[in-house]
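Here is the structure we will look at.
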Amino acid sequence: MAPMLIVLSGLPATGKTALATAVAGEMGAALLSVDPIDSALTEAGVHEMGHPGIAAYAVVGAVAEQNLGIGLSVVVDAVNAVGEAKTFWIELSRRTGAPLLAVEAIVSDDEVHRTRLDGRVRALAIAEPSWEAVRLRRDEWVAWPFAPLVVDAVDPLAGNVARVVAAARAVMEPLGPIGPGSGDNETPEGTSGP
C-alpha cells in the first residue's frame, strides 16, 4: 500500500495533537508535530527573526518527505493557518506522489474552545497563545483550496479518529474499475484529488 500524507490544521486548542496521535497510532504512521520541534529548537538556542515557527515547519516537512520516500505514511500536526503552509503540503504531496488528506480541526463552541485553551498545560519551551491571539489567527485564517475533512472537538475523540481513519483508508484503497456504471467518481472529502 502506498504511503499517505495526512495533514491536520486548526487553531490552537482544537484537539489536533490528540487526534493526530490517535490517527498515527491506528494507522501505523509517523507522527510529526510542529510545536515540540519548535520547542526543541528554542531550547537549542535557535531564534528566528520575524517568523517564529518557520524552521519547525521546515524540519517537519523534510522529515515527512523522508518518511514518505521510504513508504511510511505521515500524520502532520500543525496549525497551518496561512496559505503558504497549505501550499507546502500540497506541493509535497505532488512531489512525492503520496495522496493528501487535509483535516481541519475546529471547536464550534467558543466558550468550550477558550476553556480548552486556558486549561492547556504542555511542557514546551514556547509560550501558549492568548485567547486574543487565537481570535486574531481565526480572523486571518486562509482556507484550503479544496474542502478539508472537518472534525469538531466538541464531538467525542473516538468518533473523530474513526472519521479520519475511514477517510484515509478510502483514499488509500486501490482504484476499482473506471468507466460507466463503476460507481461515483467524486473526490473524497478532505483530499486534493484522486
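The values are calculated or read from the model by the stated rules, or taken from the named source; none is laboratory data. On a predicted model such as this, the values are computed, not experimentally measured, just so you know. Every residue, glycine as well, gets a Cβ built from its backbone with ideal geometry; the counts of neighbours run over all protein chains shown. The area values use the complete protein model at the heavy-atom level, side chains included, leaving out ligands, DNA and RNA. Shrake-Rupley method; radii C 1.70, N 1.55, O 1.52, S 1.80 Å.
Within region 150-194, being surrounded by fewer than 12 Cβ atoms within 10 Å (Cβ to Cβ), modelled with pLDDT of 95 or more and outside any helix (DSSP H, G or I) holds for one residue alone: Pro156. Taking the conditions exactly as written (at pLDDT below 80, open to solvent by 60 Å² or more (accessible area, probe 1.4 Å) and farther than 30 Å from Gly71 by Cα), does Arg137 satisfy them or not? Taking the combined requirement at face value, the residue satisfies it.
Listed by first and then second residue, the pairs with beta-carbon distance under 9 Å, at least 6 apart or on different chains, first residue in region 25-47 and polar (S, T, N, Q), second exposed (fewer than 12 other Cβ atoms within 10 Å of the Cβ), are Ser39/Arg122; Ser39/Ala123.
Residues are listed down the side, and each one gets a yes or a no for (1) open to solvent by 50 Å² or more (accessible area, probe 1.4 Å); (2) of a type in the set (Val, Ile, Thr); (3) in contact with a helix residue (DSSP H, G or I) (Cβ under 9 Å, 6 or more places away or on another chain):
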residue	(1), (2), (3)
Val23	no, yes, yes
Met27	no, no, yes
Val34	no, yes, yes
Gly71	no, no, no
Val76	no, yes, yes
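Counting only residues that are aliphatic (A, V, I, L, M), at pLDDT 95 or above and under 14 Å from the mean Cα position of the chain (by Cα), region 38-75 holds 3 of them. Being exposed (fewer than 12 other Cβ atoms within 10 Å of the Cβ) and either at pLDDT 95 or above or in contact with a helix residue (DSSP H, G or I) (Cβ under 7 Å, 6 or more places away or on another chain) (or both) is the requirement here; does Gly97 meet it? No, not satisfied.
Apart from one condition, Pro145 fits all of (1) modelled with pLDDT of 90 or more; (2) open to solvent by less than 90 Å² (accessible area, probe 1.4 Å); the exception is (2).
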